[in-house]
Protein chains: 2
Amino acid sequence: MKDLTPATQKFILHWGEMGTKWGINRTVAQIHALLFIAERPLHAEEICGTLGVARSNVSNSLKELQNWGIVKVTHLPEDRRDHFESMKDVFEMFRVIITERKRREIDPTIAMLRECVEESARETGGAAIHTRQRLEQLQEFFELGVDFYEKVNRLETPTAVRLFRMGDKLFRLLGLKG
Amino acid sequence: MKDLTPATQKFILHWGEMGTKWGINRTVAQIHALLFIAERPLHAEEICGTLGVARSNVSNSLKELQNWGIVKVTHLPEDRRDHFESMKDVFEMFRVIITERKRREIDPTIAMLRECVEESARETGGAAIHTRQRLEQLQEFFELGVDFYEKVNRLETPTAVRLFRMGDKLFRLLGLKG
DNA sequence: CTCTAGTTTCTGTTTTTACAGAAATACAGA
DNA sequence: TCTGTATTTCTGTAAAAACAGAAACTAGAG
């Protein structure tokens, strides 16, 4: 890892590890960390050099990050090369990531649960009833999560932040002591 | 996969895939799915037979699930064998999972960010200042998340559910139209 | 103390994933 | 059209993870 301060290095390595624990490829996460920290858009060759990974690996990882929607290509005047830039607003960035994971993983899971519930409703016997109930509870939980997500997602960032910061007021609204 | 209805099979397979996308071993997730659906505690041998995986694999996966805190051992009268049972309350179960992921991954990340911020505060130059600011934003975001988690976590399940269900009232509280 | 059923740990194999380097492709400017 | 630069795709290899089966260990029952 060339030309990076110790703090930056530590951050990039940790972010890579975090990635793996959440099902994100280590290199993808490291490149994301680098672009997030970078003061200006970087081109692929710089990323190779800095992180010491192969050009092809960088290319594929950048494409992956673009699919996630958190990295964009830009072009600088006088330079033909693609330059890459990460979203910088942390809240917006996670909003995008969560939206994407919902689309890829949660929505299909809810669809699957719905199908399984239907299927087990057609099946006979006590076991099938029991199965259906369990699956329905799971479905209900995911749908609750999605509903909440959608509500929060409609808010402007500063409003959403206020919501998450809100302490006692929230609890009073719920008619409870915290 | 023996002795399972088509719906149950579909669920277990999907849950296994979901697992891998979130950094959970496929077999671990499948066993969890099976225990979640099961009407009664199962012993290791039954799990082997049903899912068709090796005894050792089941043993390790069960230990993993116990470490997560979502599967418990029970003993039946007249039977020396350990029997395993998943938590059944979905909301509680995810509460446990989230708590554990926070402990394992989020807390260390916040600690790392704190260290990096300190470190880059000691470093000199414009780049270090820029780095520190980015890391501080990230840290702030994670701390916001943790605060919110802790607040919600203090609530009884039904109250928390009410919070997530709450629609317009919430927005009015925030002084906004949804 | 010994036997037996149960469980965990260890070791080697298989499978999957990540990765580097080469080859192929695209593309702007001369 | 040709040429040099940038990018992507392809292919084989290396590393990591998952896994099965055997061996080792544990603990009741007799």
Taking Lys and Arg as +1 and Asp and Glu as -1, residues besides residue A:40 with C-beta under 11 Å from its C-beta add up to -3
Shielding of A:98-110 by partner chains, average beta-carbon count, 10 Å | 1
Isotropically averaged projected area of chain A, using the convex hull of Cα atoms (one quarter of hull area), nm² | 15.6 nm²
Amide H of residue A:84: which non-local residues (sequence gap of 5 or more, or other chain) have their own amide H closer than 5 Å, using H built in the peptide plane?
-> A:42, A:43, A:74
Quick one, what does Rg over Rh come out to for the range B:90-173 if you take C-alpha atoms and the Kirkwood Rh?
-> 1.15
Length-normalised contact order of chain A, Cα under 8 Å, at least 6 apart, in percent, tallies to 13 percent
Measuring with a 1.4 Å probe in the full set of protein chains, what accessible area per residue, in whole Å², belongs to the range A:6-86?
-> 48 Å²
Within 10 Å of each Cβ in B:120-128, the average number of Cβ atoms from other chains = 3
Lys and Arg at +1, Asp and Glu at -1: neighbours of residue B:17 with Cβ under 10 Å from its Cβ sum to +1
What are the semi-axes of the equivalent ellipsoid of the range A:6-86, taken as the square roots of 5 times the eigenvalues of the Cα gyration tensor, listed largest first and rounded to whole Å?
-> 20, 14, 11
Around residue A:102 (Cβ within 13 Å, Cβ-to-Cβ, excluding residue A:102; K/R +1, D/E -1) the net charge comes to -1
Taking both sides together, what accessible area is buried at the A/B interface, probe 1.4 Å, expressed in Å² and rounded to the nearest 100?
-> 6300 Å²
Starting with the highest mean, order A:34-45, B:6-17 by the number of other Cβ atoms within 10 Å, averaged over the residues of each peptide.
-> B:6-17, A:34-45
The size of the Cβ-based charge dipole (Lys, Arg +1; Asp, Glu -1) of chain B about the Cα centre, to the nearest 20 debye, is 480 debye
Could you work out how far helix B:55-68 tilts from the main Cα principal axis of chain B, as a 0 to 90 degree angle to the nearest 10?
-> 40 degrees
What full-extension length gain, to one decimal in nm, is calculated for residue B:169 and residue B:67 as 0.36 nm per residue of separation minus the Cα-Cα distance?
-> 32.8 nm
For the range B:114-125, in order, what is each residue's ³J(HN,Hα) by Karplus, 6.51 cos²θ - 1.76 cosθ + 1.60 with θ = phi - 60°, in whole Hz (x at glycine and Pro)?
-> 4, 4, 5, 4, 4, 4, 6, 6, 7, 6, 10, x
If one compares the long axis through the Cα atoms of helix A:6-21 with the longest principal axis of the Cα atoms of chain A, the angle in degrees, nearest 10, works out at 30 degrees
On Cα atoms only, tilt of A:90-101 relative to the major axis of chain A in degrees = 60 degrees
If we hang a label 7 Å off Cα along the beta carbon direction at residue A:149, how far is it from the matching labels on the other copies, in nm, shortest first?
-> 1.7
Considering only Cα-Cα distances, which of the following residue pairs are longer than 31 Å: A:21/B:169; A:72/B:169; A:63/B:2; A:88/A:151; A:21/A:63; A:21/A:88?
-> A:21/B:169; A:72/B:169; A:63/B:2
Enter the mean number of other protein chain beta carbons within 10 Å of the beta carbon of each residue in B:78-90, as an integer.
-> 1
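The values are calculated or read from the model by the stated rules, or taken from the named source; none is laboratory data. Predicted model, so just to flag it, every value in this text is computed and none were measured. Positions of Cβ are backbone-derived with ideal geometry, glycine not excepted, and every protein chain shown enters the neighbour counts. Heads up: the accessible areas ignore ligands, DNA and RNA and are worked out on the full protein's heavy atoms, side chains in. Shrake-Rupley method; radii C 1.70, N 1.55, O 1.52, S 1.80 Å.
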